[in-house]
């Protein structure tokens, strides 16, 4: 949720852009700005999580750890990603390579039997076998775990503009999982210790020059969000918890390869690792249960509730509207939209394409309905004959796509056309629910600590350590 920090041209602020490519259904724009479960896991989840943390790993190395000390991140393939995400949609869903400096131990996932060791693996899931050493084995569900603690390098879509290279801690489950509504696909899921997962998430979600307390607030929020999603996924009997994109929270490993610069970007840095370690085990609770700790880059001035900004029925008591930090509109993502580029002809063309051909020439757009936070959700088209057309929320989003990637719905349209174009001035980057990451930084600069920041953005919460 931030702006053009080195290495992250992304959902600015772990920013989910509100306008996605046309391939996405319109409802996805609202409901899935951050994906995951709309329903909370059952009561008692926090107790189960704490029990796993107390127990530690009690499972042999030849099988993956499904306790709450780990998260399962399905890395490959990616069927969809938010607009502007650092991960592209996977083009070749069959080919992926593994390399490790020492050895990778390959186990049969079902029998837990060691099949062999190797420093590199190349999978082509369109074939019934895979090579290991000088021989080959039949393709089957696998557990791949490195012999030491060094990260494993994964590559897919090699040689393409969308090539992905990433270095990851932990091990890997290779098996078929649900890939789309109609099919399954061979997938690679990274099984990684939760705290090591956060070593990557936190620097992927903040500006590296920020204050220590902003880093710590992000670490607690990311830990809480990750555990909520893991618990919800397992309650629903899903075989993975999250993906690495900003549909959830950004996870780019120890290092991430940029095909444009052909260089590796080091993600983990000492300052954010310290923030994870200093807050180890701390989570946010509401009425004793782990919360879904939404966050976005910059609220633009006021945060938003789930019913308003996601159009969902759930209305968690811990996600209330609050004013963002003073000066929030003056930092990155706080104010945008100086270019006036919406013409009457473009509006009319879009209306015709939507099956809403106007009976007169278009004069301008204006706001029809605003939510409690001040965000604009429906528009009215003013026509030159004095009449008006009221648009639904979905139709309004389609019209607004003429402006390009709208960073938030906290915007004002110019009252009149100037030079044949209607301007827009907006505030904020991202969905605006929960913690404002830029707001956390501004509050930290005022001397607030991480707990005070979190208790401001999330209402009626308690911050507790899972294991004392």
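The values are calculated or read from the model by the stated rules, or taken from the named source; none is laboratory data. Keep in mind it's a predicted model, so treat the numbers as computed, not measured. Here the Cβ positions follow ideal geometry from the backbone for every residue, glycine too, while neighbour counts run over all protein chains shown.
At least 3 residues being under 25 Å from residue 71 (Cα atoms) and touching a strand residue (DSSP E or B) at 6+ places or on another chain (Cβ under 8 Å) is the threshold, and among the strands (runs of 3 or more DSSP E) wholly inside region 117-168 those reaching it are 142-146, 152-156, 164-168. Mind checking whether some residue in region 250-263 is touching a helix residue (DSSP H, G or I) at 6+ places or on another chain (Cβ under 7 Å), buried (at least 24 other Cβ atoms within 10 Å of the Cβ) and part of a strand (DSSP E or B)? No, region 250-263 contains no residue that is touching a helix residue (DSSP H, G or I) at 6+ places or on another chain (Cβ under 7 Å), buried (at least 24 other Cβ atoms within 10 Å of the Cβ) and part of a strand (DSSP E or B). Applying the condition of being more than 30 Å from residue 158 (Cα to Cα) and touching a strand residue (DSSP E or B) at 6+ places or on another chain (Cβ under 8 Å) to region 226-249 and asking which residue is surrounded by the fewest Cβ atoms within 10 Å (Cβ to Cβ) yields 233.
Scanning region 72-98 for residues being outside any loop (DSSP other than H, G, I, E, B) and crowded, with 16+ Cβ neighbours inside 10 Å gives a total of 8.
Just one residue in the set 63, 45, 70 is in contact with a helix residue (DSSP H, G or I) (Cβ under 7 Å, 6 or more places away or on another chain), modelled with pLDDT of 80 or more and farther than 22 Å from residue 250 by Cα; that residue is 45.
Looking at region 401-422 only, could you name the residues that are more than 22 Å from residue 320 (Cα to Cα) and either within 23 Å of the chain's Cα centre (by Cα) or part of a strand (DSSP E or B) (or both)? Hits for region 401-422 are 401, 404, 405, 406, 412, 413, 418, 421, 422. Between 199, 215, 228, the distinction of being closer than 18 Å to residue 255 by Cβ, in a helix (DSSP H, G or I) and in contact with a helix residue (DSSP H, G or I) (Cβ under 9 Å, 6 or more places away or on another chain) belongs to 199 only.
For region 138-149, what are the residues that are at pLDDT below 95 and surrounded by 13 or more Cβ atoms within 10 Å (Cβ to Cβ)? Across region 138-149, the qualifying residue is only 147. Residue count for region 90-108 under the criterion of being closer than 18 Å to residue 184 by Cα and either modelled with pLDDT under 95 or touching a strand residue (DSSP E or B) at 6+ places or on another chain (Cβ under 8 Å) (or both): the result is 6.
Only a single item in (1) outside any loop (DSSP other than H, G, I, E, B); (2) surrounded by 15 or more Cβ atoms within 10 Å (Cβ to Cβ); (3) in contact (Cβ under 8 Å) with a residue 24 or more places away in the chain; (4) under 30 Å from the mean Cα position of the chain (by Cα) is not met by residue 106, and it is number (4).
Can you tell me which of (1) surrounded by fewer than 19 Cβ atoms within 10 Å (Cβ to Cβ); (2) in contact with a strand residue (DSSP E or B) (Cβ under 8 Å, 6 or more places away or on another chain); (3) at pLDDT 95 or above; (4) not in a loop (DSSP other than H, G, I, E, B) is the one residue 321 doesn't meet? The one condition residue 321 does not meet is (4).
Criterion applied to 425, 467 was being assigned to a loop (DSSP other than H, G, I, E, B), at negative phi, within 29 Å of the chain's Cα centre (by Cα) and surrounded by fewer than 24 Cβ atoms within 10 Å (Cβ to Cβ), and the one residue passing it is 467. Only a single criterion out of (1) surrounded by fewer than 17 Cβ atoms within 10 Å (Cβ to Cβ); (2) touching a residue at least 40 places away in the same chain (Cβ under 8 Å); (3) not in a loop (DSSP other than H, G, I, E, B) is not satisfied by residue 456, namely (1). Of everything in region 394-419 that is at pLDDT 90 or above and surrounded by fewer than 17 Cβ atoms within 10 Å (Cβ to Cβ), the residue that is nearest to residue 329 (Cα to Cα) is 412. Only one of the listed residues (180, 204, 209) is modelled with pLDDT of 95 or more and surrounded by fewer than 23 Cβ atoms within 10 Å (Cβ to Cβ). That residue is 209.
Scanning region 268-327 for residues that are on the phi > 0 side of the Ramachandran plot and touching a helix residue (DSSP H, G or I) at 6+ places or on another chain (Cβ under 9 Å) returns 281, 288, 300, 301, 311, 327. Tallying residues that are outside any helix (DSSP H, G or I) and out of contact with any helix residue (DSSP H, G or I) (no Cβ under 7 Å at 6 or more places or on another chain) within region 342-355 yields 2. Taken together, 388, 367 contain a single residue that is over 30 Å from residue 220 (Cα atoms), without any contact (Cβ under 8 Å) to a residue 12 or more places away in the chain and touching a strand residue (DSSP E or B) at 6+ places or on another chain (Cβ under 8 Å), which is 388.
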